[in-house]
């Protein structure tokens with residue numbers, strides 16, 4: 001049975017998650033990608049207050065398509081974006097804002113894996129491109145901050161219900177499915193090179 | 001007579017169909033990959049993709065939030081008088097609101113987003129002329145996750161075929177989990193730096209189940225695809241049997257001192273659509289029949 005968790009996540013919730021486990025989320029999810037990372041860290045440096053509390057939250061690397069229906073925002077399509085673009089800022093973001101989970105696709109590099117271990121955070125992989133499936137797990141949208149950054153880059157405040165399936169791809173103990181797999185890929189590369197007649 | 005409004009309407013409808021439903025050959029390749037997968041983690045990734053494909057069609061909703069940048073290929077009769085470019089641009093503006101598409105197009109330096117997917121040289125249109133009496137417009141809605149993994153190599157002639165294979169293999173390894181695998185790869189060989197990249201993208205327009213008419217190129221397509229699928233990067237880079245759904249190559253003659261190779265990476269959502277607008281006003285969508 002897949003596990004269901006509710007945000008905000010406690011450190012205990014986060015630390016109990018095992019690599020490869022499937023989970024579904026309920027509760028508030030914040031979207032935030034390139035510009036949110038840049039802005040939030042800039043705000044912090046200038047001593048300005050950011051509009052949401054990321055502590056224990058699920059930060060979703062996502063730039064959704066939103067539509068206004070009867071004056072309310074509705075998520076039309078909201079799959080994950082490529083997390084590796086945030087590699088350079090994520091360790092600092094985790095340290096300063098302490099999210100409990102990051103939802104994205106494609107995984108993140110070693111400094112982020114280390115920061116997740118240190119501060120208690122996990123990486124939950126959602127299938128890239130499965131944006132309608134993702135939108136099905138967003139029950140409502142309660143607001144938007146930093147809308148001036150543009151629809152894909154704003155912070156959307158989503159209320160999730162049974163959002164998933166999510167795979168624990170980086171746990172809070174320094175393990176990563178991507179790092180494990182890269183060892184196998186290196187082995188397979190030899191076979192591929194042989195097939196192509198390369199050294 | 002075909003008017004600018006006809007082009008505009010056809011563009012909106014073309015974009016709607018393209019972002020909602022995959023061409024049959026791409027969908028077939030995905031379903032085959034799903035059926036073939038045995039490991040639990042990649043199977044779940046492919047199930048999410050297959051479910052998502054069905055849900056998008058059922059709800060008439062874009063399958064992915066990244067509705068991409070809109071790359072157009074317009075082929076027009078020689079005596080065509082209608083302002084097709086304007087029809088396409090206004091069609092994109094309307095589709096952004098009506099479908100809706102995500103407003104993706106921004107100024108490259110200021111990053112300012114006008115919100116309607118229209119700006120300097122965007123949407124981009126590639127032009128051709130022909131002797132037929134109808135206008136054909138093809139669009140590719142190209143997401144950034146995969147496009148960002150595209151590459152150009154200016155090889156030397158002595159690097160030859162091995163150099164081409166090496167370049168493609170290394171690019172796939174470097175892209176890893178990022179471009180939303182299983183991917184579709186377009187390879188452009190020869191020409192010049194710009195032509196190799198252009199051919200790489202055009203290669204993505206060919207259905208995945210059609211090999212190149214030149215048997216040597218067809219053989220290279222198969223060989224590269226097989227080798228890439230040995231890597232085990234798998235759906236979403238979480239391991240598995242299918243890393244690449246299909247690989248197409250196009251080539252052009254090049255300078256005797258050059259060997260340019262372009263690689264265009266496409267995510268599993270290989271969205272392309274074509275509309276034909278006939279002089280009698282009849283409009284058909286050959287990639288999206290039924």
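The values are calculated or read from the model by the stated rules, or taken from the named source; none is laboratory data. Just so we're clear, the structure is a prediction, and the values are computed from it rather than from any experiment. Glycine also receives a Cβ, built like all others from the backbone with ideal geometry; neighbour counts cover every protein chain displayed.
Among the residues of the stretch A:175-185, write down those that are assigned to a helix (DSSP H, G or I), touching a helix residue (DSSP H, G or I) at 6+ places or on another chain (Cβ under 9 Å) and either under 20 Å from residue B:220 (Cα atoms) or more than 9 Å from chain B (Cβ to nearest Cβ) (or both). Result: A:179, single match. Of the residues B:275, B:187, the single one that is in contact (Cβ under 8 Å) with a residue 12 or more places away in the chain, in contact with a strand residue (DSSP E or B) (Cβ under 8 Å, 6 or more places away or on another chain) and in the same structural domain as residue B:71 (by TED's automatic domain parsing) is B:275.
Which members of the stretch A:186-199 meet the condition of being under 13 Å from residue B:176 (Cβ atoms) and crowded, with 20+ Cβ neighbours inside 10 Å?
none
Please work out if residue A:172 is crowded, with 20+ Cβ neighbours inside 10 Å, part of a loop (DSSP other than H, G, I, E, B) and more than 8 Å from chain B (Cβ to nearest Cβ). Yes, satisfied. Just one of the listed residues (B:215, B:179) is away from chain A (no Cβ under 14 Å) and at pLDDT 95 or above, and it is B:215. For the stretch A:159-168, filtering for residues that are within 23 Å of residue A:117 (Cβ to Cβ) and either within 7 Å of chain B (Cβ to nearest Cβ) or without any contact (Cβ under 8 Å) to a residue 40 or more places away in the chain (or both) leaves 1. Would you confirm whether any residue within the stretch B:96-111 is part of a strand (DSSP E or B), in contact with a helix residue (DSSP H, G or I) (Cβ under 7 Å, 6 or more places away or on another chain) and either crowded, with 19+ Cβ neighbours inside 10 Å or modelled with pLDDT of 95 or more (or both)? Scanning the stretch B:96-111 turns up no residue that is part of a strand (DSSP E or B), in contact with a helix residue (DSSP H, G or I) (Cβ under 7 Å, 6 or more places away or on another chain) and either crowded, with 19+ Cβ neighbours inside 10 Å or modelled with pLDDT of 95 or more (or both). Residues in the stretch A:4-35 that are within 17 Å of residue A:105 (Cβ to Cβ), within 15 Å of the chain's Cα centre (by Cα) and in a loop (DSSP other than H, G, I, E, B): 2 in all. Of the strands (runs of 3 or more DSSP E) contained entirely in the stretch B:223-283, those carrying at least 1 residues that are within 12 Å of another protein chain (Cβ to nearest Cβ) fall at B:244-252, B:259-266. Only residues that are within 14 Å of chain A (Cβ to nearest Cβ) and over 22 Å from residue B:266 (Cα atoms) were counted across the stretch B:119-149, and they come to 1.
Does residue B:102 satisfy being closer than 30 Å to residue B:282 by Cβ and without any contact (Cβ under 8 Å) to a residue 60 or more places away in the chain? No, not satisfied. Selection over the stretch A:38-72 of residues that are crowded, with 24+ Cβ neighbours inside 10 Å, part of a loop (DSSP other than H, G, I, E, B) and out of contact with any helix residue (DSSP H, G or I) (no Cβ under 7 Å at 6 or more places or on another chain) gives a count of 3.
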